[in-house]
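Visitor: Quick one: this structure, given as structure tokens, is what I'll be asking you about.
The values are calculated or read from the model by the stated rules, or taken from the named source; none is laboratory data. No experiment lies behind these values; they were computed from the predicted model shown. Don't worry about glycine lacking a Cβ; one is built from the backbone with ideal geometry, like all the others, and counts go over all protein chains shown. Side chains are part of the model used for accessible areas, which takes the heavy atoms of the whole protein and leaves out ligands, DNA and RNA. Shrake-Rupley method; radii C 1.70, N 1.55, O 1.52, S 1.80 Å.
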Amino acid sequence: MASDQSIPTAVDLVVIGGGTAGLVAAKTAARFGVSTLLVERHRMGGDCLWTGCVPSKSLIAAAAVAASARAGHRFGVTVSDVAVDFAAVMAHVRDAIRTIEPADSAEAVEETGARVVLGTARFDGGRQLVVTLPDGTTGSVRFRQAIIATGSAPVMPAIPGGESLAVLSSDDVWELDEQPARLLMLGAGAIGCELSQAFARLGSQVTLVHRGQRILPKEDRAAADLVAESMTADGVDLRLGTTVERIEPAPDGLGGTAHLADGSTVAFDRMLVALGRRPRLDGLGLETTGVTLDDRGFVAVDASLRTTDRRIWAAGDVSGLPQFTHIAGVNGSIAATNAALGLRRTIDVSAVPRVTFTHPEVAVVGVPTDGAGERGLTVREVAHSHTDRAIAEGETAGLTRIVVDARGRVRGALVVGPRAGETIGEAALAVRHGMRARDLAAATHPYPTYSDALWNAAIGEVRDRLERGATARVIGLLAAVRRFVTR
């Protein structure tokens, strides 16, 4: 907890929310010498630490160990009687949170010179904030600038018959100590797919229901198809193109029977919902400010992250920008710099990488590969069945693609395979700085790695350019001249 819980009467900058965006914003501003107050209503660290990145990747890691043990026979290693101690798995998840927690603590923020107060915040006009401490004490804070970084919360559907059901979300699934024998998952976006596969690998019977005709609707079809095949192999029952119309709850209030729109039923012990997220704005008092919302209900911001109230900024999930921790951190820094120094740094989402941590992982940056050819772009693909590291590890169900424009610049990339999230960083650098395929091809890559596929895709593009058009004619002329002078 922060050392001083008194409420200051005036500060230069107030930051509302102690998740990734708020943490970075407060630290950035304080390091500029600006008097900064961060107000957090619940616990420091936000969704990433407590309910998102850290716990989900810890669970996925445990699930991967179980899956690898069962599949060991492919390598001549037989592991019998693979047993999952779910309570121990969740203890691992919570231990990871505890280990990382100090980096996001109030003490870590205050080391930079900012103040942290744990309480709720409500705007009282465009220059004043009312802070209420847990003991009921209230105080008003005058500010010159403010940053809203209150994050987002899961969208929970209203399903007939499910009113009394204890439905899980990605926020509270981490409180489980007993593994659901039968898990019903609603939603096939990144969160739904990651958690469905992880629970299936840990031994739950998982049924995933999604209204769309394929999972991961935001990703290229080839990537979604590869993940769907892998999830099915892990035991996930995919029910696509349908929805849950009503629930018959069991007497325990936890499970029941779901009746789907296609006429089928699913019996379950727990239901987990991953149907998107909404901004956390309840009780914030935005109606007393000049801040407006966009048509989705998120805080409307311009390219500099300023809201429609010139003294108030927004960063992180609440702004409606791509909901990733790395986006929240970068935008927290941009908002704080602009608010504290009067600059007009702007956001750039053209080269933001994203990763879905299923098996295989799906990593994307820049222009999508689906439909790129119709826009006059070239797509180069290397199947991982031709990548030596993938062959050695028996992970050939994957691919790497790069999107290249007429000038040879890398405009986008897709990697599907183990550790795809590690490979995509190089492609993100190329897209961000307008690098050309020849730049990637000219950099010697270590062998054998999964990044060989990205390298070979770039080499293939360079080789093709050398074999066609004016470049090919010049090369032919140089070769002919060389043969002539060396006769």
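Visitor: Specify which of the listed residues (ASP309, ASP295) is closer than 20 Å to GLY276 by Cβ and charged (D, E, K, R).
Guide: Working: ASP309 fails: closer than 20 Å to GLY276 by Cβ.
So the residue among ASP309, ASP295 that is closer than 20 Å to GLY276 by Cβ and charged (D, E, K, R) is ASP295.
Visitor: Can I ask one more? Restricted to segment 186-209, and to residues that are over 27 Å from ALA383 (Cβ atoms) and either basic (Lys, Arg) or open to solvent by 30 Å² or more (accessible area, probe 1.4 Å) (or both), which residue is nearest to the chain's Cα centre (by Cα)?
Guide: ILE191
Visitor: Among the residues of segment 373-386 satisfying the criterion of being in contact with a strand residue (DSSP E or B) (Cβ under 8 Å, 6 or more places away or on another chain) and among the charged types (D, E, K, R), which is surrounded by the fewest Cβ atoms within 10 Å (Cβ to Cβ)? Step through it out loud before you land on a result.
Guide: Taking segment 373-386 as the starting set, the residues that turn out to be in contact with a strand residue (DSSP E or B) (Cβ under 8 Å, 6 or more places away or on another chain) are 373, 377-384.
From what's left, among the charged types (D, E, K, R): 380-381.
Numbers: ARG380: 22, GLU381: 14.
Ranking the candidates gives GLU381 first.
Visitor: Turning to a different aspect of this structure: Any residue at all in segment 111-120 that is within 30 Å of GLY276 (Cα to Cα) and either of a type in the set (Phe, Trp, Tyr) or within 20 Å of the chain's Cα centre (by Cα) (or both)?
Guide: No - not one qualifying residue is present in segment 111-120.
Visitor: Give me the residue from segment 331-345 that is free of Cβ contacts under 8 Å to residues at least 40 places away in the same chain and hydrophobic (A, V, I, L, M, F, W, C) and, out of that set, farthest from ILE148 (Cα to Cα). Even if it seems obvious, please write down each step before you answer.
Guide: Keep residues of segment 331-345 that are free of Cβ contacts under 8 Å to residues at least 40 places away in the same chain, which gives 334, 338, 342-343.
Narrowing further to those that are hydrophobic (A, V, I, L, M, F, W, C): 334, 343.
Values: ILE334: 13, LEU343: 18 Å.
It comes out as LEU343.
Visitor: In segment 137-158, which residues are of a type in the set (Ser, Thr, Tyr), within 23 Å of GLY126 (Cβ to Cβ) and either open to solvent by less than 10 Å² (accessible area, probe 1.4 Å) or part of a loop (DSSP other than H, G, I, E, B) (or both)? Walk me through it before giving the result.
Guide: If we filter segment 137-158 for residues that are of a type in the set (Ser, Thr, Tyr), which is where we start, we get 137-138, 140, 150, 152.
Okay, now just the ones that are also within 23 Å of GLY126 (Cβ to Cβ), so 138, 140, 150.
Selection gives THR150 alone.
Visitor: Here is a follow-up. Taking ASP4 as the residue in question, decide whether it is touching a residue at least 60 places away in the same chain (Cβ under 8 Å), in contact with a helix residue (DSSP H, G or I) (Cβ under 8 Å, 6 or more places away or on another chain) and among the charged types (D, E, K, R). Give the derivation first.
Guide: Numbers: touching a residue at least 60 places away in the same chain (Cβ under 8 Å): yes; in contact with a helix residue (DSSP H, G or I) (Cβ under 8 Å, 6 or more places away or on another chain): no; among the charged types (D, E, K, R): yes.
Here the answer is no, as ASP4 does not meet what is asked.
Visitor: Count, please, the residues in segment 159-185 that happen to be assigned to a strand (DSSP E or B) and either open to solvent by less than 30 Å² (accessible area, probe 1.4 Å) or within 21 Å of GLN5 (Cα to Cα) (or both).
Guide: So the answer is 5.
Visitor: Further, regarding this structure: Could you run through segment 1-44 and say how many residues are among the small types (Gly, Ala, Ser), surrounded by fewer than 24 Cβ atoms within 10 Å (Cβ to Cβ) and modelled with pLDDT of 95 or more? Explain how you work it out, then say what you get.
Guide: First, the residues of segment 1-44 that are among the small types (Gly, Ala, Ser): 2-3, 6, 10, 17-19, 21-22, 25-26, 29-30, 33, 35.
From what is left, the residues that are surrounded by fewer than 24 Cβ atoms within 10 Å (Cβ to Cβ) are 2-3, 6, 10, 33, 35.
Remaining after also requiring modelled with pLDDT of 95 or more: 10, 33, 35.
Going through segment 1-44 one residue at a time, the tally reaches 3.
Visitor: Might you let me know whether segment 301-318 holds any residue that is surrounded by fewer than 24 Cβ atoms within 10 Å (Cβ to Cβ) and on the phi > 0 side of the Ramachandran plot?
Guide: Checking segment 301-318: not a single residue is surrounded by fewer than 24 Cβ atoms within 10 Å (Cβ to Cβ) and on the phi > 0 side of the Ramachandran plot.
Visitor: Within segment 211-236, work out how many residues are of a type in the set (D, E, K, R), touching a helix residue (DSSP H, G or I) at 6+ places or on another chain (Cβ under 9 Å) and buried (at least 16 other Cβ atoms within 10 Å of the Cβ). If you could, list the steps in order and put the result at the bottom.
Guide: Initial filter on segment 211-236 (of a type in the set (D, E, K, R)): 211, 214, 218-221, 225, 229, 234.
The next check asks that each one be touching a helix residue (DSSP H, G or I) at 6+ places or on another chain (Cβ under 9 Å); those that pass are 214, 218-219, 234.
Checking the rest, the ones that are also buried (at least 16 other Cβ atoms within 10 Å of the Cβ) come to 214, 219, 234.
Qualifying residue count, segment 211-236: 3.
Visitor: On the basis of being open to solvent by less than 80 Å² (accessible area, probe 1.4 Å), in contact (Cβ under 8 Å) with a residue 12 or more places away in the chain and not charged (D, E, K, R), does ALA71 make the cut?
Guide: When the stated conditions are applied, ALA71 does not pass them.
Visitor: While we're on this one: Could you tell me whether GLY125 is on the phi > 0 side of the Ramachandran plot and loosely packed, with under 15 Cβ neighbours inside 10 Å? I'd like the intermediate steps shown before the answer.
Guide: Numbers: on the phi > 0 side of the Ramachandran plot: yes; loosely packed, with under 15 Cβ neighbours inside 10 Å: yes.
Judged against the criteria, GLY125 is a match.
Visitor: Still on this structure: Limited to segment 424-437, what total is found for residues that are crowded, with 17+ Cβ neighbours inside 10 Å and either farther than 18 Å from THR369 by Cα or under 16 Å from the mean Cα position of the chain (by Cα) (or both)?
Guide: Initial filter on segment 424-437 (crowded, with 17+ Cβ neighbours inside 10 Å): 424, 426-428, 430-431, 435-437.
Next cut, either farther than 18 Å from THR369 by Cα or under 16 Å from the mean Cα position of the chain (by Cα) (or both) only: 424, 428.
So the answer is 2.
Visitor: Take segment 277-296 and flag every residue that is within 24 Å of LEU168 (Cβ to Cβ) and in contact with a strand residue (DSSP E or B) (Cβ under 8 Å, 6 or more places away or on another chain). Lay out the reasoning, then the answer.
Guide: Initially, segment 277-296 is screened for residues within 24 Å of LEU168 (Cβ to Cβ), giving 277-282.
Those that are within 24 Å of LEU168 (Cβ to Cβ) and in contact with a strand residue (DSSP E or B) (Cβ under 8 Å, 6 or more places away or on another chain): ARG277, ARG278, PRO279, ARG280, LEU281.
Visitor: Charged (D, E, K, R) and more than 22 Å from GLY125 (Cβ to Cβ): does that describe ARG70? Outline the logic, then answer.
Guide: Details: charged (D, E, K, R): yes; more than 22 Å from GLY125 (Cβ to Cβ): yes.
So ARG70 passes the test.
Visitor: Further question: Scan segment 436-462 residue by residue and report those that are out of contact with any Leu (no Cβ under 7 Å at 6 or more places or on another chain) and either among the aromatic types (Phe, Trp, Tyr) or assigned to a loop (DSSP other than H, G, I, E, B) (or both).
Guide: The answer is ALA443, THR444, HIS445, PRO446, TYR447, PRO448, THR449, TYR450, SER451.
Visitor: If you check every pair at least six apart or on different chains, which have Cβ atoms under 7 Å apart with a residue in segment 273-291 that is on the phi > 0 side of the Ramachandran plot first and a residue that is open to solvent by 20 Å² or more (accessible area, probe 1.4 Å) and among the hydroxyl-bearing types (Ser, Thr, Tyr) second?
Guide: GLY283/THR120
Visitor: Does THR78 satisfy being hydroxyl-bearing (Ser, Thr, Tyr), open to solvent by 50 Å² or more (accessible area, probe 1.4 Å) and more than 21 Å from ASP47 (Cα to Cα)? If you could, list the steps in order and put the result at the bottom.
Guide: Details: hydroxyl-bearing (Ser, Thr, Tyr): yes; open to solvent by 50 Å² or more (accessible area, probe 1.4 Å): yes; more than 21 Å from ASP47 (Cα to Cα): yes.
Answer is yes for this residue.
Visitor: Is one or more of the residues making up segment 355-372 in a strand (DSSP E or B), closer than 15 Å to VAL403 by Cβ, of a type outside the set (Lys, Arg) and open to solvent by 40 Å² or more (accessible area, probe 1.4 Å)?
Guide: Checked against the condition, which is being in a strand (DSSP E or B), closer than 15 Å to VAL403 by Cβ, of a type outside the set (Lys, Arg) and open to solvent by 40 Å² or more (accessible area, probe 1.4 Å), segment 355-372 yields no hits at all.
Visitor: Then there's this: Quick test for you: out of ALA328, ALA303, ALA363, pick the one residue that is in contact with a Leu (Cβ under 8 Å, 6 or more places away or on another chain) and at pLDDT 95 or above.
Guide: Numbers: ALA328 fails: in contact with a Leu (Cβ under 8 Å, 6 or more places away or on another chain); ALA303 fails: in contact with a Leu (Cβ under 8 Å, 6 or more places away or on another chain).
Being in contact with a Leu (Cβ under 8 Å, 6 or more places away or on another chain) and at pLDDT 95 or above holds for just one of ALA328, ALA303, ALA363, which is ALA363.
Visitor: Now, a different point. For segment 225-244, which positions are closer than 22 Å to GLY398 by Cα, touching a residue at least 60 places away in the same chain (Cβ under 8 Å) and either of a type in the set (Gly, Ala, Ser) or assigned to a strand (DSSP E or B) (or both)? Break it down stepwise before answering.
Guide: Quick first cut of segment 225-244, residues closer than 22 Å to GLY398 by Cα only: 225-238.
After this cut, where a residue has to be touching a residue at least 60 places away in the same chain (Cβ under 8 Å) as well, the list is 226-227, 229-231, 234.
SER230, the sole residue that qualifies.
Visitor: Given the conditions (1) of a type outside the set (A, V, I, L, M); (2) in a helix (DSSP H, G or I); (3) at pLDDT 95 or above; (4) over 30 Å from PHE143 (Cβ atoms), and given that THR337 satisfies all but one, which numbered condition is not satisfied?
Guide: (4)
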